[in-house]
Structure formats: structure tokens, C-alpha cells
Amino acid sequence: MTTPVLALDDVRYCWPGRAAFALSVPELTVGKGETVLLLGESGSGKSTLLSLICGTVSPDCGALHINDTDITKLSGGARDRFRAEQIGVIFQQFNLLPFGTVTDNILLPLRFAPQRRKRIGDVVSEAHALCAALGLPEGVGRHKANALSVGQQQRVAVARALIGHPPLIIADEPTSALDASSQAAFLDLLFAQADAHDTSLLMVSHDPRLGDRFDRVIRMEDIAKIERATA
């Protein structure tokens, strides 16, 4: 069996100053090239789990490996650099720079990830190729992000996450504002791009209807325990 791209082992995190809330995850793995849907209702700890995986917060105990590196052993700055190199993130609200061009937005992660940048050579050509593969119109790279439709902004956010072929993509509720037809089209594009580079995908959602599209479906209540103090 190949080493998983993502592996959590006995991870626990308690929000500072919030003794009423703690998250424990005994085990979670995502294999190389695997697509995993993580389902959970509001308040189930999904956002905290993503923050732990991305290294924006560090667990109180346990190990969290990404590509054989235990990021709990890294300093805050080292975790930031590691995240830029190893993880592409698709945010629910896209988080594009509104007055930057599409090309500028797609290339932004590479400013903080020199090794990721080296994987692709001509970065502008790669950005344009991703736009074409994701169904964006020719010449869109020159347009300002705030001039695009919501669907086009979403595809730019995907291109930004995929640029430089990071081994792990984290997608946080990226289809929440889409109808069923648009969801299906979006996932077709995302899976095709991930499959082309054997990229692992962990997507968070509250919609179980998406489950048939993924290799595996995990429910937060099956892998995580939330502890809240009673009054």
C-alpha cells in the first residue's frame, strides 16, 4: 500500500480561551490520487479540521502527516511555506483579488512556493492552459477578477489551487451556491484536472447527494469527536 498523502493520528485541538469546544480525530487518511468527500453539518468541526490540515492552527497533540512530513513538528513560518508548496485550497468564497487580473490571481500561490513554480516552467502558459481546460474563454487572463461571473470566478479559484500540481487539494464547500447541473459540471472539471496529475482531493460539504461522485465518503461524526462543556 502506498503512503497516504494525508494522515492524521490521534489529533486533538482545543480552541484557546474556549474550553467549551475541543475536536479530537483519532484517524483520517487520504490516499494518493483519491477523491474524498467529507460530510458534516454546521458546528461539526469541519472548519477546525481544515485549519489543522492546512497548518493555520497546530494541534495540542497527535501527528499530522502530509507527504511524509509531520507538520506538527514545523514552526508557524515553516508550516506556511509547506502549505504553499504542498496544498492547493479552493475557498468557499473564492478569495480572489478583485482588481487583479485572472492570470495574476492564478499565479499568486507560486510567489510563496518556489518548488511548486519549478514544476511547470512557463507559468503564464500553464495558467492559460488551465483556463482553457476549465472552460474559461480565450483571453480571460487579461480580465479583472471582479468583472467575471460567479461561475467564472469559481473556475479561476480552481485554477489557482491546481497551478504547480500540489499533491493535495482542499475544497471548502465550493459547490454550495450552485444548482445541481452546475455542480455536476464543476465536479467534472475538477476531477478531470485532479486525475490528470494524480492529485488527491478532500472536499468538505454538507450535501450528501454529491457522494456518488467520490471514491470515498466520510462523515465527521464517524471520524471526529466534539467536546463541549455543559453549563
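Summary table
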item	result
Restricting region 13-57 to residues that are of a type in the set (S, T, N, Q) and within 17 Å of Leu201 (Cβ to Cβ), the residue that is surrounded by the most Cβ atoms within 10 Å (Cβ to Cβ)	Thr35
Qualifying residue in region 75-85 (condition: of a type in the set (Ser, Thr, Tyr) and more than 27 Å from Gln183 (Cα to Cα))	yes
Among (1) surrounded by fewer than 18 Cβ atoms within 10 Å (Cβ to Cβ); (2) under 15 Å from the mean Cα position of the chain (by Cα) - the single one Asp10 does not satisfy	(2)
Matching residues in region 167-180 - criterion: being of a type outside the set (A, V, I, L, M, F, W, C) and either at pLDDT below 80 or assigned to a loop (DSSP other than H, G, I, E, B) (or both)	Pro167, Glu173, Pro174, Thr175, Ser176, Asp179
The listed residue being at pLDDT 95 or above, of a type outside the set (S, T, N, Q) and assigned to a strand (DSSP E or B), out of Val89, Val25	Val25
Residue match in region 124-141 (condition: farther than 21 Å from His197 by Cα, within 16 Å of the chain's Cα centre (by Cα) and not hydrophobic (A, V, I, L, M, F, W, C))	no
Test for Ser200: is it farther than 19 Å from Asp104 by Cβ and surrounded by 13 or more Cβ atoms within 10 Å (Cβ to Cβ)	yes
Qualifying positions in region 204-231 - over 24 Å from Leu190 (Cβ atoms), touching a Gly at 6+ places or on another chain (Cβ under 7 Å) and either modelled with pLDDT of 95 or more or small (Gly, Ala, Ser) (or both)	Ala224
Pick from region 164-197, criterion touching an Asp or Glu at 6+ places or on another chain (Cβ under 9 Å) and among the small types (Gly, Ala, Ser), ranking: surrounded by the most Cβ atoms within 10 Å (Cβ to Cβ)	Gly164
Members of region 82-100 that are surrounded by fewer than 19 Cβ atoms within 10 Å (Cβ to Cβ), more than 18 Å from Ala127 (Cβ to Cβ) and out of contact with any helix residue (DSSP H, G or I) (no Cβ under 7 Å at 6 or more places or on another chain)	Gln92, Gln93
Candidate set: region 131-163, residues that are buried (at least 20 other Cβ atoms within 10 Å of the Cβ) and touching a residue at least 60 places away in the same chain (Cβ under 8 Å); chosen: the one nearest to Cys54 (Cα to Cα)	Ala161
Complete set of residues in region 62-80 that are part of a helix (DSSP H, G or I) and either in contact with a helix residue (DSSP H, G or I) (Cβ under 7 Å, 6 or more places away or on another chain) or within 19 Å of Tyr13 (Cα to Cα) (or both)	Ile71, Thr72, Lys73, Gly76, Arg79, Asp80
Condition met for Thr103 (surrounded by 15 or more Cβ atoms within 10 Å (Cβ to Cβ), under 20 Å from Leu190 (Cα atoms) and among the hydroxyl-bearing types (Ser, Thr, Tyr))	yes
Test: Leu74 is surrounded by 15 or more Cβ atoms within 10 Å (Cβ to Cβ), among the aliphatic types (A, V, I, L, M) and closer than 30 Å to Asp207 by Cβ	no
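The values are calculated or read from the model by the stated rules, or taken from the named source; none is laboratory data. These numbers come from a predicted model, not from an experiment. Cβ: placed from backbone, ideal geometry, glycine included. Neighbour counts: every protein chain shown.
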